[in-house]
Amino acid sequence: MLSTTKKSKKITFQRAAVTVVAWLAGLIWIVPFMGILMASVRPQIELIHGWWNLEEVHLSFDNFINAWNHPTAPMGQGIRNSLLVTIPATILPLIIATLFAYGLMRLKFPGRKILLVMVVLLLSIPQQMVAVPLFRILNDMNLINTLPGLIITHTSWGLIWITIFMRNYLSTLPPEMEEAASLDGANRLQIFFKIVLPLSLPGLASVAALQFTWVWNDFFMALITIYEPNLLTATQRIPLLKGQYSVDWGVLSAASLIVTAIPLLVFVFLQKYYIKGLIGWTTK
Amino acid sequence: MFKKKLRTFFEVALFTFPAIILLTIFVIVPAVQTLSLSVMNADGEFVGLQNFKEVLFSKNIINLDRFPFKSPPWGAIPDNAIWILIHLPLVVLLGMVLAVLLKDVWGASFIKSVIFLGMITPMVVGGGIIRFIFDEHAGVVNAILRGVGLDQFVRSWTAYPDTALLALILGSVLLWTGFSLILYSSGLSTIPQEYYEAAEVDGANGFQRFVHITVPLLKPVTITVISMTLLWELKIFDLVYSATGGGPGGASTVLALRMYSLAFRALDSNKSAVIAVLITALTLIIGVWLSRANRGSED
């Protein structure tokens, strides 16, 4: 009896110690993000000496309004452009890559194995490897410096990982239902849209969450394809908000929160699929 | 018979051609062109490995006059190498230890979410955050340094050649730990509780259990974390671009940034292609290592 209470006391103490250590470690992440949050709602004059000084606090949304309507890099316009790029650049590769993955798996045609190996090889190509010729090709097609140019770039780029991801996902689906539908006289396209796609919804949700976030967060591809000030995406505007020597931390923080809010919403609503997709993708 | 063949062809075309066409025009052709640019001069004449010799031995890539004993700029390869040497062990260690610490602690899911915020944040924003936390007056790091009496280190870290790269690396640890934490957390949940109970009966303490059960059983996760993190470090760009622009004085110009500035500032496609090929080659090496290591851990 005595020894069990002793033991449980020891366990309680240990748990309390672990909790304290975990929270102290957590502070390393909590404090910087809290800083951004605080800076976004306080005037610059209070931030110069540290957002943690709470002697005089004036809360307002001025920084958000100023970031949204910023004279050189209005975030409102950036959010609009980013949405116009990200939504099609999520849906298009999702459809094209799932068609491709299904075709590579079910259709028997010569060269399909080589095609799959080639797509796997393309995975290891970094964006830097295509940057300069891509710029020239888009330029030749009159797509440089246009939102469709960026959409097609992200669509092609997304195809690579989504094809592999969906190929792995589709191979876990039971083929019986497709066979039954085929016996009922349905053609490939009907089978694909009526049976395969509905069965793949969880996988498609993971892909959509990740592709949306990656396209939204992209900076490099946007930087090389778009330079017209009115067409810049949201992420492209962040570096334009700060001068070389003095930075308006409040406006920068508010703009940062505005840009991050969209992928954050995607994460909050699709958390399960997001994490499943990330883990499934990296540890396949 | 012919009709059936034609139908099969249309089927194959419908499912595969859109992807094949897009991949060919916007990925494969540009990649092959970059490869050929790297062995040509500006006039399009074949010059063999001339560009590689010029680029890889230039001061922008490794500056042996200054590296490692004088102050930066040291060149892109040392910059990326230092990044890997500091960032990789920290990310692996922090991710694993935090995953264990946060297994069942009051508020664990809140702490995990905050750490994971770094993964959702665009890296361009991440660069701004790094500048902010290391700012001389507005930054929390310098406030802490002042608080503990280390006044000689107080400064805007990203504005000085000696500290810019270190600030970026430490900041990138902050932003990337969410990745390893999530992978390790999901890996931990697959380890059967009985292993720990058996070890406890045998008298193993918490540290011994961590070293002898947790670490070896998480090896497949560690392989993934290491390879994905290496790839990320190799291609790091957005964060540096927005925090320092590669400066001051080139002190944080990593490979991808050097590639960009050669291509789109200096307009030297051939030299930029060399760096692109170099990054790709390193990526391939990591990819091969990953697939071998994965096969090894399955046995």
Q: Could you please let me know if B:Phe210 is out of contact with any strand residue (DSSP E or B) (no Cβ under 9 Å at 6 or more places or on another chain), more than 10 Å from chain A (Cβ to nearest Cβ), outside any loop (DSSP other than H, G, I, E, B) and under 21 Å from A:Ile28 (Cβ atoms)?
A: yes
**Q.** From the options A:Pro148, A:Pro93, A:Pro133, residue that is part of a helix (DSSP H, G or I) and in contact with a His (Cβ under 8 Å, 6 or more places away or on another chain)
**A.** A:Pro93
Q | Selection from the stretch A:211-234 of residues that are touching a Gly at 6+ places or on another chain (Cβ under 8 Å) and either buried (at least 24 other Cβ atoms within 10 Å of the Cβ) or small (Gly, Ala, Ser) (or both) | A | A:Gln211, A:Val215, A:Thr225, A:Thr233, A:Ala234
Q. Just wondering, is there one or more residues in the stretch B:203-222 that are more than 28 Å from B:Ala293 (Cβ to Cβ) and touching a residue at least 40 places away in the same chain (Cβ under 8 Å)?
A. no
Q.
Going by what's in this entry, would B:Phe134 be described as aromatic (Phe, Trp, Tyr), surrounded by fewer than 21 Cβ atoms within 10 Å (Cβ to Cβ) and more than 8 Å from chain A (Cβ to nearest Cβ)?
A. no
**Q.** Out of B:Asn51, B:Asn60, sole residue that is polar (S, T, N, Q) and either in a helix (DSSP H, G or I) or within 30 Å of A:Ile258 (Cβ to Cβ) (or both)
**A.** B:Asn51
Q. Would you call A:Lys194 more than 14 Å from chain B (Cβ to nearest Cβ) and in contact with a helix residue (DSSP H, G or I) (Cβ under 9 Å, 6 or more places away or on another chain)?
A. yes
Q: List every residue pair whose Cβ atoms lie under 7 Å apart, where the two residues are 6 or more positions apart in sequence or sit on different chains, the first residue falls within the stretch B:94-110 and is more than 8 Å from chain A (Cβ to nearest Cβ) and under 17 Å from B:Trp176 (Cβ atoms), and the second residue, located anywhere, is part of a loop (DSSP other than H, G, I, E, B) and modelled with pLDDT of 90 or more.
A: B:Met96/B:Leu218
**Q.** For A:Phe193: the one exception among (1) surrounded by 15 or more Cβ atoms within 10 Å (Cβ to Cβ); (2) in a helix (DSSP H, G or I)
**A.** (1)
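Looking only at residues in the stretch A:42-72 that are in a loop (DSSP other than H, G, I, E, B) and buried (at least 20 other Cβ atoms within 10 Å of the Cβ), which one is nearest to the other protein chains (Cβ to nearest Cβ)? Give the derivation first.
If we filter the stretch A:42-72 for residues that are in a loop (DSSP other than H, G, I, E, B), which is where we start, we get A:42-43, A:48-61, A:69-72.
In the following step, the residues that additionally are buried (at least 20 other Cβ atoms within 10 Å of the Cβ) were identified as A:42, A:51, A:70.
Numbers: A:Arg42: 11, A:Trp51: 7, A:His70: 14 Å.
This residue is A:Trp51.
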Q.
Here are the criteria: (1) at pLDDT 95 or above; (2) part of a helix (DSSP H, G or I). Tell me which single one B:Ile236 does not satisfy.
A. (2)
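From A:Leu138, A:Leu83, grab the single residue that is within 11 Å of chain B (Cβ to nearest Cβ), at negative phi and in a helix (DSSP H, G or I). Explain how you work it out, then say what you get.
Values: A:Leu83 fails: within 11 Å of chain B (Cβ to nearest Cβ).
None of the others qualify; the one that does is A:Leu138.
The values are calculated or read from the model by the stated rules, or taken from the named source; none is laboratory data. Being a predicted model, the structure only gives us computed values, none of them experimental. Methodologically, a virtual Cβ is constructed for each residue, glycine included, from the backbone with ideal geometry; neighbour enumeration extends over all protein chains shown.
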